[in-house]
Amino acid sequence: MKPWNKLQRELGNLFAEGLRLQIQCRAFRMVSASGSTELARYWCTLGKDVIWDYPREFGENTAHYPYDTDVSSISSLLREYIDTPADKLLSFAFADRWQIVEVLLAADSRIGTDRLPEVKAKLRHPGAIAIAATRWGREWEDTVPALEPARPPLPPLPEAAPGLADAPIATDSSLLRGLTL
């Protein structure tokens, strides 16, 4: 694996012009009475706002943090994304449980406005949606997501038995008189 600064530079080269997006990775030393360890953190900023943050957003997936982290897996995923051909980006099945690929798809200059419906159908992470809205502005708002396959119609509701629809409804406890529990 290449050093982080080279990977970071390659990612930055993919981002659409004018986006103030940065992806950071740092290790912070934690010293305690039990010893010391490095706390790894990945985060993305759009302007000054943090829009994606590992491990903060992924508490349930980081049970053994900081002793066991996903940093090397995230770095490998980023490398895989960079190496994926542009025409395969929206169809490739990335092993991404952190939704970082959504952030990259929204920012990637290799994806043009002709593929906006496909992009819009893929993005669920709020940070990725913020990037897309910043990048494409009004075009993003006007884009209709790709159509989902039609669901089969629901079966018709059963009709009430004849005469029951016109029967009076008891509004007091007269129906309960005589019942024993």
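The values are calculated or read from the model by the stated rules, or taken from the named source; none is laboratory data. No experiment lies behind these values; they were computed from the predicted model shown. Here the Cβ positions follow ideal geometry from the backbone for every residue, glycine too, while neighbour counts run over all protein chains shown. For accessibility, only protein heavy atoms count, side chains too; no ligands or nucleic acids. Shrake-Rupley method; radii C 1.70, N 1.55, O 1.52, S 1.80 Å.
So in the range 99-128, with the set limited to residues that are in contact with a His (Cβ under 9 Å, 6 or more places away or on another chain) and under 16 Å from residue 42 (Cβ atoms), which one is surrounded by the most Cβ atoms within 10 Å (Cβ to Cβ)? Before you say what the answer is, go through the steps one by one.
We begin by selecting, within the range 99-128, every residue in contact with a His (Cβ under 9 Å, 6 or more places away or on another chain); these are 99-100, 102-103, 106.
So of that shortlist, the ones also under 16 Å from residue 42 (Cβ atoms) come out as 99-100, 102-103.
On the way: 99: 18, 100: 22, 102: 23, 103: 25.
Here the residue is 103.
Search the range 19-58 for residues being among the small types (Gly, Ala, Ser), at pLDDT below 90 and over 20 Å from residue 76 (Cβ atoms), and hand back the single one that is least open to solvent (accessible area, probe 1.4 Å).
So the first thing to find is which residues in the range 19-58 are among the small types (Gly, Ala, Ser), and the list is 27, 32-36, 40, 47.
After this cut, where a residue has to be at pLDDT below 90 as well, the list is 27, 32-36, 40.
Next, only the ones that are over 20 Å from residue 76 (Cβ atoms) stay: 32-36.
On the way: 32: 55, 33: 119, 34: 117, 35: 33, 36: 72 Å².
The residue in question is 35.
Looking for something at pLDDT below 90, in contact with a Phe, Trp or Tyr (Cβ under 8 Å, 6 or more places away or on another chain) and of a type outside the set (A, V, I, L, M) - is there at least one such residue anywhere in the range 68-78?
Checked the range 68-78: at least one residue is at pLDDT below 90, in contact with a Phe, Trp or Tyr (Cβ under 8 Å, 6 or more places away or on another chain) and of a type outside the set (A, V, I, L, M).
In the range 1-25, what count of residues is obtained for those that are of a type in the set (Asp, Glu) and within 11 Å of residue 107 (Cβ to Cβ)? Quick ask: steps written out before the conclusion?
Of all residues in the range 1-25, those of a type in the set (Asp, Glu) come to 10, 17.
Narrowing further to those that are within 11 Å of residue 107 (Cβ to Cβ): 17.
Looking only at that region, the number is 1.
Just a yes or no: is a residue in the range 74-82 among the β-branched types (Val, Ile, Thr), in contact (Cβ under 8 Å) with a residue 60 or more places away in the chain and surrounded by fewer than 19 Cβ atoms within 10 Å (Cβ to Cβ)? Can you show your working first?
Going through the range 74-82, the residues among the β-branched types (Val, Ile, Thr) turn out to be 74, 82.
Pick out the ones that are also in contact (Cβ under 8 Å) with a residue 60 or more places away in the chain and you get 82.
With surrounded by fewer than 19 Cβ atoms within 10 Å (Cβ to Cβ) added as a condition, the list becomes 82.
Yes, the range 74-82 has at least one match.
Of all residues in the range 24-50, count the ones that are in contact (Cβ under 8 Å) with a residue 24 or more places away in the chain and under 20 Å from residue 81 (Cα atoms).
Number satisfying all stated conditions: 5.
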